[in-house]
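Read the structure below first, then the notes.
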Amino acid sequence: MKNYSKWKSLPLGAIKAEGWLREQLERNRDGMGGHLGDLEPQMVWDPYTTKKTDDKWGLVKTGWGAEISGNYWFGFIGLAFTLGDEGLIKKATEWVDTVLKNVEPDGYLGAYKPEDDRTEDYNAWGTACGMKAMLSFWEATGRRDVFDAVYNCMLWFCKNWAGDNKSRYAGAYIIDPMMTCYYETGDGRLLNFCLEYIDFLERNDLFSNSLSAYLAPKLQYNSNHTAAYVAQLRGPAMIYSATGDERFLQASVNGSAKLRKSATHSTGAPVANNEYLAPVSPYAETEYCDIAFLTTTYGILSRVTGDTLYGDYVEELIYNAAEAARKKDEKAIQYNSTPNQIYISDHSSHFNAVHHLFAPIHPVSCCAVTSVGTLPEFIRFAALTDEAGNLHINSYAPYSIRHHGVVIESQTLYPFRNTIHYVIHAEAPQTFEIFLKKPYWCEKCSVSVNGVEGASLNRTWADGDTIDVVLEMKPRVSRVNDLAKNYPLTIQRGALTFSLQIPEQWINMGNGHARTPLPEGWAWYGVNPIINEKPTRLFESLGYRKQFISWNVALDEKDVHVTVEETEPNGYVWEKPPVKLRVNAFKAPFAYAPYPTKTSEIYEAELDVTYPLDIELVPYGCTALRITYFPRAKR
């Protein structure tokens, strides 16, 4: 059976987190990653084991339970094996073994009870989430009984969702685990079901998720839930891997390209106003699910196409959007986040007030659970292999790769530094080639092997061999193609986007808007800006405030000077960044309204400014309150 993908994934657990990345995953293990089920047990722990869900979630409880629990365990299993944490692995094994006891005689293994409507869209969507978790466990352990159970569940869908007995919204996500089972078995029934589904959507397109819609030149705003769009976008590419039909590959490639062009922030994050596809603006929101699903989709596109450009995209997505929306103790996330964020409260969002707050588990808990798997998925696709056994580096980060009888350890502060040092650990010499990527933003790149620049990477690797990569990281100032056509400026260096960090005060809101009371040590949070304003006469304070707020600044597009300041690491990198930028700017007193409510649009393409300023920018991922899209100064 031919597989048309250029590369192959390494088994889950072959790439392990190291350095600052390991520290973050350990924080997540001790935070949301290891404990979300304690906060909402019937929606996180139970749907696939007891098939019980919480009545407080209403009519959607079964479908949401299938999705929430499936995505949580997918992330949990990824976290367990990426850390190599025996405690988490034991817990994951117990869940898998319990789920296997629920296999029905006809093969069904989802979270829906026999009396539930199993033709419902979320049966396919939610079951896909759960079966991806089971397949991840199989991939890490090789346990055939786990794979066979998922395989038989996929055959249940082939039989019971045959012909046009399919749904038009999120159900097509079932193509992902279905194709994974096909690659392993070659069972034509699985491939035929996926082709049937594509044909069904072509004839019954309700959400612009058909092959023709992906191939069309225009991205249709408000046509689909952004998370559903980016999750299903990988399906045609996965089918291409089995068929070689270029139309399927081009559908995924074009769908990704127009998303990147028309609805993606400089942080790599897709826009999801009211959770639907939307254009870029300073306050355009991104749902955390979008980040999670797009991470996997970019990884699969790298695997299928052999193009590390998708690795560049996922670095931007992870190192900016994913990190900024996480509380640094890994005990809360923002459901929705924005590039310019002056306030975080239960009335600061333009689209959904509650979802702008930091919380461990929001009333719609999809984002909390998908956040657990986001970093493990990034690591999972950081390197891939090919038919010849060579290794292709898709993303730079601190990790160790077990491949071809050796361990390749990446020692780096990337993305805060432009150098990556690899060390080979081998019990015996091994021969294969390592392909290192040159990111799209890098003009010059040097590679040395054992201190010799330009030495071949196709060689017999021995214990103690080293590879050093130096990437040119020039600061980049560029316009943002925003909805209002004001074209604000954004500043990037390497994979990082930089922001003006607003002094912040975190507000503990206790139980916040949680459906289920939170245990001790967990809370919802708002964040207010700190304004060092002087006492003034009543009713005049808002007039004076423009003098004291720190974020009403603008940049002269024709005269921006950026200085890079690197410092020695001194603590957790997302709390104390080892790199900052100094930038010349101007005070723009009327850039934003003085009321502490919502972050507003920039009303003019060029703003009146007063005196010059020197401002400090930090990596976007280190911020909660920030300005990232800077208005242009009228000069």
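The values are calculated or read from the model by the stated rules, or taken from the named source; none is laboratory data. Everything numeric here is computed off the predicted structure, so don't read it as measured data. Virtual Cβ from ideal backbone geometry, glycine too; neighbours counted across all protein chains shown. In case anyone asks, the SASA skips ligands and DNA or RNA and just uses the protein heavy atoms, side chains included. Shrake-Rupley method; radii C 1.70, N 1.55, O 1.52, S 1.80 Å.
Its relative contact order, with pairs defined as Cα atoms under 8 Å and 6+ residues apart, puts the range 12-123 at 31 percent.
Based on alpha carbons, the Rg and Dmax found for the range 165-258 are 12.4, 39 Å. Counting only Cα atoms, the size of the range 383-526 along its three principal axes is 57, 45, 29 Å, in decreasing order.
Working from Cα pairs under 8 Å separated by at least six residues, relative contact order for the range 478-534 is 26 percent. The Rg/Rh ratio for the range 1-48 is 1.20, where Rg is the radius of gyration of the alpha carbons and Rh is the Kirkwood radius. Comparing Cα centroids, the range 2-80 and the range 453-471 end up 36 angstrom apart. Counting only lysines at least 8 places from Lys576 when in the same chain, those with an alpha carbon closer than 19 Å to its own are Lys327, Lys328, Lys331. Amide hydrogen proximity for Asp482: with H placed 1.01 Å from N in the peptide plane, the residues at 5 or more positions away or on another chain lying under 5 Å are Tyr487. Sorting 535-542, 365-372, 180-187, 549-556 by average packing, meaning the other beta carbons within 10 Å per residue, from highest down gives 365-372, 549-556, 180-187, 535-542. Think of the range 306-411 as a dipole: +1 on every Lys or Arg Cβ, -1 on every Asp or Glu Cβ, centred on the Cα centre; then among Gln341, Val364, Ala325, Val364 lies furthest on the positive end. Here the average projected area of the convex hull drawn through the C-alpha atoms of the range 510-579 stands at 10.1 nm². The range 152-177 and the range 343-381 have Cα centres separated by 28 Å. Helices in the chain that qualify as membrane-span-like (whole DSSP H runs, Cα extent of at least 18 Å along the helix axis, mean Kyte-Doolittle hydropathy of -0.5 or higher) are 61-83, 86-100, 121-141, 144-160, 188-203, 288-305, 366-380. Inter-label distance, Glu115 to Glu94: 3.0 nm, where each label sits 7 Å from its Cα along the C-beta direction.
Which value, in debye to the nearest 20, describes the size of the charge dipole of the range 129-271 about its Cα centre when Lys and Arg Cβ atoms bear +1, Asp and Glu Cβ atoms bear -1, and nothing else is charged? If you can, show how the numbers build up before the last one.
Numbers: 14 positive and 13 negative charges, 97 e Å.
In total the dipole reaches around 460 debye.
Any idea what diffusion coefficient the chain gets from Stokes-Einstein, in µm²/s, Kirkwood Rh on alpha carbon pairs, 25 °C, 0.890 mPa s? It diffuses with D of about 97 µm²/s by this estimate. Return the lysines within reach of Lys218: Cα separation strictly under 16 angstrom, same-chain partners fewer than 8 residues apart disregarded; answer none if there are no such residues. Straight-line reach from Lys218, under 16 Å: Lys258, Lys261. Straight-distance candidates among the lysines for linking to Lys52, with alpha-carbon spacing under 19 Å and chain neighbours fewer than 8 residues away dropped: Lys61, Lys101, Lys113. Remark: relative contact order (the chain) = 14 percent; criterion is Cα-Cα distance under 8 angstrom and separation of 6 or more residues.
Centre-to-centre separation between the Cα atoms of the range 549-591 and those of the range 88-141: 47 Å.
Since only Ser256, Leu518, Tyr611 are under comparison, the one whose Cα sits farthest along the positive direction of the charge dipole of the chain, derived from C-beta charges on Lys, Arg, Asp and Glu, is Tyr611.
Tally up the carbon and sulfur contribution to the accessible surface of the range 266-367 as a whole percent, 1.4 Å probe, everything protein left in place.
Working: 770 of 1550 Å².
That share works out to 50 percent.
The residues of the range 1-108 expose, per residue, 38 Å² of accessible area to a 1.4 Å probe. Put +1 on the Cβ of every Lys and Arg and -1 on every Asp and Glu Cβ in the chain; which of Ile491, Val573, Thr466 then has its Cα farthest towards the positive end of the dipole? Among Ile491, Val573, Thr466, the one farthest towards the positive end of the dipole of the chain is Ile491.
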